[in-house]
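This report concerns only the one structure given below.
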Amino acid sequence: MLYYLFTWLNEHMHIPGAGLFQYISFRTAMAVIVSLIITTVFGSRLIRLLHRKQVGETVRDLGLEGEKQKQGTPTMGGLIIIAGILIPTLLFAKLDNIYVIVLIITTLWMGAIGFLDDYIKVFRKNKEGLAGRFKVIGQIGLGVFIAVTMYFHPSIVVREQVTNPSYSVPVSVVINPSTGEKTYVEDVKSSKTNIPFYKNNEFDYAKSLSFLGISGTWITFGMTLLVIVFIVTAVSNGANITDGIDGLATGTSAIMGITLAILAYVSGNVIFSDYLNIMYIPNSGELVIFAGAFIGACTGFLWYNAYPAQVFMGDTGSLTIGGIIAAFAILIRKELLIPILCGVFLIENLSVIMQVSYFKYTKKKFGEGRRIFLMSPLHHHYQKKGYHESKIVTRFVIVSIMLAILTIVTLKIR
């Protein structure tokens, strides 16, 4: 909203400084600052309110050190994160941008699912919360929404070089300043995405089943839909599973947010995208403002969520964070980098799958269930081994930083 106000003031009243709001870098910085203020200053008030309403965490007895001290700690703190994301975005982003709209809907969508889960746990005194199948239905619904929007919305396009322009769509001419050579480019609907460690750095969903002789518009959409639904479900569940000790999900998510901001900036910038030889996505640079708000919200929440936590984000926060990271990567066509970028979430997910699968297999074969880890998810395994929560979180964050750097480096390693 402030973007439109200051644009009008700059055009009609020529107020000094109003033109700053035209710059993505300035609006991103403001989004980070406002988000930090909201989560740190107003976060304390929400925590006091949650205390008064007795919205406390019911901790299951897992036999972990320090577990009983967390009993009654306020939960549903994800509301702080959601406010820290949405308010700066509404203030500083272009609200008619389809990419921003999709992420706002994603935030509200996953926030509502998480809030309902926490509400059932806290106020209905049901420790299981929202049934797992309803969570999955909600995640699939979000994936379907993102896939349909990506595939059919006319504003979601990529810029491609053409040798014989058809002029059925607007064609631009790019002149190489060194050689004077002219290149024709046009914005087109595309089913392509970026793929790491590959020479041409592109993968086309339309050709994914071509080796079977299967092709067509609906086949392409079906493949896109399956991939997007899987990613949204996997990443949101990964964030939810990772949120098991103080500051772990928030700290790692902030690192992922910074990486996504960098990727969105280079994808939405003609010069950088050309230099890095990645597809240019018109208007996607606006996502950097959303990423700034996300980074600020996660970092500000750490003020209260770092060990010993004064508040837990609950599913309200963890499902929202996971959904945002998945949707963001999909929108900038970097979803195939998620196994690297979200490596911590992936490892946590796999540790649970491996533990449960191996336990069931050994129980069926030997009559007694056996375990790979002392406890899953993986962070609980290290707790059982005697590592302090703070050390586990610090090391997981370091791993997340290494994975983030590797994610960015893939833009050049092919």
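The values are calculated or read from the model by the stated rules, or taken from the named source; none is laboratory data. In this text the structure is predicted, and so the values were computed from the model without any measurement. Methodologically, a virtual Cβ is constructed for each residue, glycine included, from the backbone with ideal geometry; neighbour enumeration extends over all protein chains shown. Side chains included, ligands, DNA and RNA excluded: accessible areas come from the protein's heavy atoms. Shrake-Rupley method; radii C 1.70, N 1.55, O 1.52, S 1.80 Å.
Cβ-Cβ distance below 7 Å, separation of 6 or more or different chains: which pairs start in region 374-399 with a residue that is touching a residue at least 40 places away in the same chain (Cβ under 8 Å) and end on one that is acidic (D, E) and surrounded by fewer than 19 Cβ atoms within 10 Å (Cβ to Cβ)? If the second residue must be acidic (D, E) and surrounded by fewer than 19 Cβ atoms within 10 Å (Cβ to Cβ), the pairs left are Q383/E65. Every listed requirement among (1) of a type outside the set (F, W, Y); (2) at pLDDT 85 or above; (3) assigned to a helix (DSSP H, G or I) is met by T193 save one, (3). Of the residues in region 398-411, at least one is farther than 30 Å from L116 by Cβ and not in a helix (DSSP H, G or I). Pairing residues of region 89-105 that are under 14 Å from G323 (Cα atoms) and modelled with pLDDT of 95 or more with residues that are open to solvent by 10 Å² or more (accessible area, probe 1.4 Å) and among the polar types (S, T, N, Q), at Cβ distances under 6 Å and at least 6 apart in sequence or on separate chains, gives V102/T149. Each residue in region 314-343 was checked for being in contact with an Asp or Glu (Cβ under 6 Å, 6 or more places away or on another chain) and on the phi < 0 side of the Ramachandran plot, and 4 of them qualify.
Do we have any residue at all in region 365-376 that's open to solvent by 10 Å² or more (accessible area, probe 1.4 Å), part of a helix (DSSP H, G or I) and within 25 Å of M150 (Cα to Cα)? Within region 365-376 (the criterion being open to solvent by 10 Å² or more (accessible area, probe 1.4 Å), part of a helix (DSSP H, G or I) and within 25 Å of M150 (Cα to Cα)), the answer is no, since none of the residues qualifies. Applying the condition of being open to solvent by 30 Å² or more (accessible area, probe 1.4 Å) and outside any helix (DSSP H, G or I) to region 19-57 and asking which residue is farthest from F123 (Cα to Cα) yields Y23. Does at least one position in region 248-267 carry a residue that is within 14 Å of M110 (Cβ to Cβ), outside any helix (DSSP H, G or I) and out of contact with any Ser or Thr (no Cβ under 6 Å at 6 or more places or on another chain)? No: region 248-267 contains no residue that is within 14 Å of M110 (Cβ to Cβ), outside any helix (DSSP H, G or I) and out of contact with any Ser or Thr (no Cβ under 6 Å at 6 or more places or on another chain).
Looking at G317, G300, which one is more than 15 Å from the chain's Cα centre (by Cα), in a helix (DSSP H, G or I) and buried (at least 19 other Cβ atoms within 10 Å of the Cβ)? Answer to the selection: G300. For Y119, the stated conditions do not hold, so it cannot be described as in contact with a Ser or Thr (Cβ under 7 Å, 6 or more places away or on another chain), surrounded by fewer than 22 Cβ atoms within 10 Å (Cβ to Cβ) and part of a helix (DSSP H, G or I).
Among N164, N176, N126, which is the only one that is farther than 29 Å from I98 by Cα, open to solvent by 30 Å² or more (accessible area, probe 1.4 Å) and either in contact with a Ser or Thr (Cβ under 8 Å, 6 or more places away or on another chain) or at pLDDT 85 or above (or both)? I'd like the intermediate steps shown before the answer.
Details: N164 fails: either in contact with a Ser or Thr (Cβ under 8 Å, 6 or more places away or on another chain) or at pLDDT 85 or above (or both); N126 fails: either in contact with a Ser or Thr (Cβ under 8 Å, 6 or more places away or on another chain) or at pLDDT 85 or above (or both).
Step by step, each of N164, N176, N126 is checked, and only N176 is farther than 29 Å from I98 by Cα, open to solvent by 30 Å² or more (accessible area, probe 1.4 Å) and either in contact with a Ser or Thr (Cβ under 8 Å, 6 or more places away or on another chain) or at pLDDT 85 or above (or both).
Of all residues in region 139-153, those that are under 17 Å from I332 (Cβ atoms) and among the hydroxyl-bearing types (S, T, Y) have Cβ atoms under 9 Å from Cβ atoms of residues that are buried (at least 16 other Cβ atoms within 10 Å of the Cβ) and modelled with pLDDT under 95, 6 or more apart or on another chain, in T149/I156; Y151/S191; Y151/T220; Y151/F221; Y151/T224; Y151/L225.
Just one of the listed residues (F359, F396) is more than 30 Å from N194 (Cβ to Cβ) and of a type in the set (F, W, Y), and it is F359. In this structure, is I295 modelled with pLDDT of 95 or more and open to solvent by 10 Å² or more (accessible area, probe 1.4 Å)? Yes; evaluated as a whole, the condition is true for this residue. With respect to being assigned to a strand (DSSP E or B), among the β-branched types (V, I, T), at pLDDT 70 or above and open to solvent by less than 70 Å² (accessible area, probe 1.4 Å), V148 falls outside the description. Contact annotation: residue pairs with Cβ atoms under 6 Å, 6 or more positions apart or on different chains, pairing a residue in region 356-369 that is without any contact (Cβ under 8 Å) to a residue 24 or more places away in the chain with a partner that is open to solvent by 90 Å² or more (accessible area, probe 1.4 Å) and part of a helix (DSSP H, G or I), are G369/K363.
Count, please, the residues in region 252-261 that happen to be more than 10 Å from the chain's Cα centre (by Cα) and open to solvent by less than 10 Å² (accessible area, probe 1.4 Å). So the answer is 2.
Every listed requirement among (1) surrounded by 15 or more Cβ atoms within 10 Å (Cβ to Cβ); (2) within 27 Å of the chain's Cα centre (by Cα) is met by Y358 save one, (2).
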